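For reference, the structure is listed below as C-alpha cells.
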Amino acid sequence: MKLRYMIDSIMADRQATVPEYVPVGVWVQGPGPGLDAEMYYFERGPNGLSDRRDEAAWVVNRLVEAGATSLPADFLEYHRLSRSPYDGVFSEITESDEYPSLDACGKAVLTRLNSAR
C-alpha cells in the first residue's frame, strides 16, 4: 500500500533566538477512497503538544462538517505549506510502501521518533 506521511514538529522554546523544533507527531495519508488520513501524536511531550493534537483533530472535523467525501491529492502539501514557522514545521513528505496500513505507518514512525529523542 502506497502511503504518504510527514512529521509534525513544534517550536521547542519560543524565547530562543534560533528556533529549534521538536517532533511530536505524524500525519499519514493513504491512497483513498474517502477521508483516508490519520494523525498520530505522542501522549506526553513538550508544551504545545496537546494544542497540536487538538488542531490536527479539527482538520478532519472541519472536512467532515463541510461534507467532504474524499481528500484532495495535495492534502499533505497544502497543510505543510500553510503552516506558520512560528507555530512549528512539517517535514518533507515521505512516500512509502513498507507499511500495510495507516495505523502501522503512524505507530512505526512515532516509535522511531521516540527512540531518537
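Descriptive notes on the structure:
- Considering only residues in the range 29-74 that are open to solvent by 60 Å² or more (accessible area, probe 1.4 Å) and among the hydroxyl-bearing types (Ser, Thr, Tyr), the one that is nearest to Asp103 (Cα to Cα) turns out to be Ser70.
- Of the listed requirements (1) of a type in the set (Ser, Thr, Tyr); (2) over 25 Å from Asn114 (Cβ atoms); (3) open to solvent by 60 Å² or more (accessible area, probe 1.4 Å), Tyr21 misses just one: (2).
- Counting only strands (runs of 3 or more DSSP E) that fall entirely inside the range 4-117 and contain at least 3 residues that are touching an Asp or Glu at 6+ places or on another chain (Cβ under 7 Å) and of a type in the set (D, E, K, R), no element qualifies.
- Given (1) open to solvent by 60 Å² or more (accessible area, probe 1.4 Å); (2) at pLDDT 90 or above; (3) closer than 15 Å to Ile7 by Cα, index of the condition Pro85 fails: (2)
- Restricting attention to the range 1-36, the residues being closer than 20 Å to Thr111 by Cβ and under 15 Å from the mean Cα position of the chain (by Cα) number 18.
The values are calculated or read from the model by the stated rules, or taken from the named source; none is laboratory data. None of these values were measured; they are calculated from a predicted model. As a convention, Cβ positions derive from the backbone with ideal geometry for all residues, glycine included, and neighbour counts pool all protein chains shown. These area figures cover heavy atoms from the full protein model, side chains too; ligands, DNA and RNA do not enter into them. Shrake-Rupley method; radii C 1.70, N 1.55, O 1.52, S 1.80 Å.
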